[in-house]
Amino acid sequence: MGLATRDYKKEACAGDTRKLRKQLETKIHEIKEEKGGERGGGGAEDLNLLNAKLEADKAKLEHKVIELMAERQLLEDSISIPK
């Protein structure tokens, strides 16, 4: 694997991490808006359901971010720069 390919993969991992973090922030924002819009009578059950959904989505995205960060570290470790 050439150095250019490694750099591309490293940057792709970093881009994926940024994209997943943005998705997580967007999802949190959407669910917070849903909660705010249902104040008229949604009740505690709806809020609990939304909280559970948010936590599940957050956990999935955090897991994916960790996987990508580990892959990025492996790529960085595999790059040997002559001194």
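Before moving on, here are some points about what is shown:
- Of the residues LYS53, LYS58, the single one that is at pLDDT 85 or above, exposed (fewer than 14 other Cβ atoms within 10 Å of the Cβ) and within 22 Å of the chain's Cα centre (by Cα) is LYS53.
- Cβ-Cβ under 7 Å pairs, at least 6 apart or on other chains, the stretch 16-43 side farther than 30 Å from ALA70 by Cα, far side of a type in the set (A, V, I, L, M, F, W, C) and modelled with pLDDT of 80 or more: GLU34/LEU50; LYS35/LEU47; LYS35/LEU50
- Of the residues contained in the stretch 19-37, one or more are found to be modelled with pLDDT under 70 and of a type outside the set (Phe, Trp, Tyr).
- Unmet criterion (only one of (1) modelled with pLDDT of 90 or more; (2) surrounded by 12 or more Cβ atoms within 10 Å (Cβ to Cβ); (3) of a type in the set (A, V, I, L, M, F, W, C)) for ALA70: (2)
The values are calculated or read from the model by the stated rules, or taken from the named source; none is laboratory data. All values reported here derive from a predicted model rather than from experimental measurement. Note that each Cβ is placed from the backbone with ideal geometry, even for glycine, and that neighbours are counted across all protein chains shown.
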